[in-house]
Amino acid sequence: MSDETAPDDTMRWGPVADHPGAAAIDAALWQAARLMAEADTVALACHVSPDGDALGAMLGLFHSLREAGRPSIASFSEPFVTAPHYRELPGLDLLTEPSAFLEAPELMITFDTGSLARLGSLEKNARAATDLVVIDHHISNERYGTLNIIDPDAAASGMLVHRLIRLTGLPLNNDAAVCLYAALVCDTGRFQYDTTTDATFEVARDLMGFDIPVSRLSRALFEEHRMAYLKLLGDALERAQLVPEKHFVWTSVSRDDRERFGVEFDEVEGLIDILRRTAEANVTCVIKQGDDGVQRVSLRGIGDVDVHRIAVAEGGGGHRFAAGFSTTDDPETVVERILAEL
């Protein structure tokens, strides 16, 4: 991972190939590569209750580093469990318990994590790190690292990890490719969202050169659910409310709802992808209560509505078409504020 191994400038990979910040992001990726080459152990982490992009990006680099013979560990905060639909991602069994994570890493890299607080119990480890590299694609990222690699034009954080690997000559093996493909399809909604670009398909094409179990992976990630979840889904859709004059649709799932149907919090992650199919709505909202009582608010938008601005006003973040925040207020109060913003 020396400067001499840098590819020719005509070999452009990933989301930053054509916009004015490309050179700066490439330089930052090379700096991250040098830090990884010099560190005794590379400590990787993503946000609490990780989604497909966070897990896929982190595991993608983890597998690449292992292939290169670089000592590394990967983890995320309690509750240290992954949703069942991520079971096809290789490397979940290699993750390190957060209690065993390096207390003061020489180098720590975070993925898809907009703030230190989103690291949960690993926030203290990040604060104690000598070098902290932040890899993310959310415009709301608080840039809390000693090196921040943020590209809001990227469809997923996994796009930046792919670029890091290809730009600096790190090995891309099959396990890494599967994880990065999962990151890509999860954050683009299987290439449906407006964040999907030519660069997205270029990366997908490169990853498809490996043995990606597309059908099995897609079924696990998007199509296979327990009957208990499907019954809760029917209940949540029955209670969904459309506000026609605001082109807004919303529903909520309380802790009691989940207990009644026997559904874990992580299982309801995809509910918003069903509700957002509402033809009359440009903005979709799902409010999910966690086991701690806190409401996690997910927003999706199409057209001219920037849901990121709504989330930021509530102390959250995300990007133009997908964002979220947390609150202790009841769902009706939350919806009143969102409608006022709209």
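The values are calculated or read from the model by the stated rules, or taken from the named source; none is laboratory data. Predicted model only: the values in this text are computed from it and were never measured. When we count neighbours, we look across all protein chains shown, and the Cβ atoms used for this are built from the backbone with ideal geometry, even at glycine.
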- [ ] For segment 123-138, enumerate the residues that are assigned to a loop (DSSP other than H, G, I, E, B) and under 13 Å from the mean Cα position of the chain (by Cα).
- [x] H137, H138
Open item on the list: Can you go through R118, R127 and tell me which one is of a type in the set (K, R) and surrounded by fewer than 17 Cβ atoms within 10 Å (Cβ to Cβ)?
Closed with: R127
Open item on the list: Please go through (1) at pLDDT below 95; (2) more than 19 Å from S157 (Cβ to Cβ) for D187 and return the number of the only condition it doesn't satisfy.
Closed with: (2)
Open item on the list: I'd like to check something: does segment 279-298 contain any residue that is touching a Leu at 6+ places or on another chain (Cβ under 9 Å), among the aliphatic types (A, V, I, L, M), modelled with pLDDT of 95 or more and within 25 Å of P79 (Cα to Cα)?
Closed with: yes
TODO: Provide a single number: the residues in segment 252-265 that are surrounded by fewer than 19 Cβ atoms within 10 Å (Cβ to Cβ) and either under 22 Å from the mean Cα position of the chain (by Cα) or modelled with pLDDT under 90 (or both).
DONE: 1
Task: Exclusive hit being touching a residue at least 40 places away in the same chain (Cβ under 8 Å) and either basic (K, R) or not assigned by TED's automatic domain parsing to the domain that holds H47 (or both), set V312, V307 - done: V312
Task: Test set (1) in contact with a strand residue (DSSP E or B) (Cβ under 7 Å, 6 or more places away or on another chain); (2) of a type in the set (V, I, T); (3) closer than 23 Å to H138 by Cα - T278 fails condition number - done: (3)
Task: Breaking point among (1) modelled with pLDDT of 95 or more; (2) over 19 Å from P84 (Cα atoms); (3) touching a Pro at 6+ places or on another chain (Cβ under 8 Å), for V243 - done: (3)
- [ ] Name the strands (runs of 3 or more DSSP E) wholly inside segment 15-121 in which the number of residues that are without any contact (Cβ under 8 Å) to a residue 60 or more places away in the chain and among the small types (G, A, S) is 2 or more.
- [x] 72-75
- [ ] Keeping to segment 267-289, report how many residues are touching a residue at least 60 places away in the same chain (Cβ under 8 Å) and of a type in the set (G, A, S).
- [x] 1
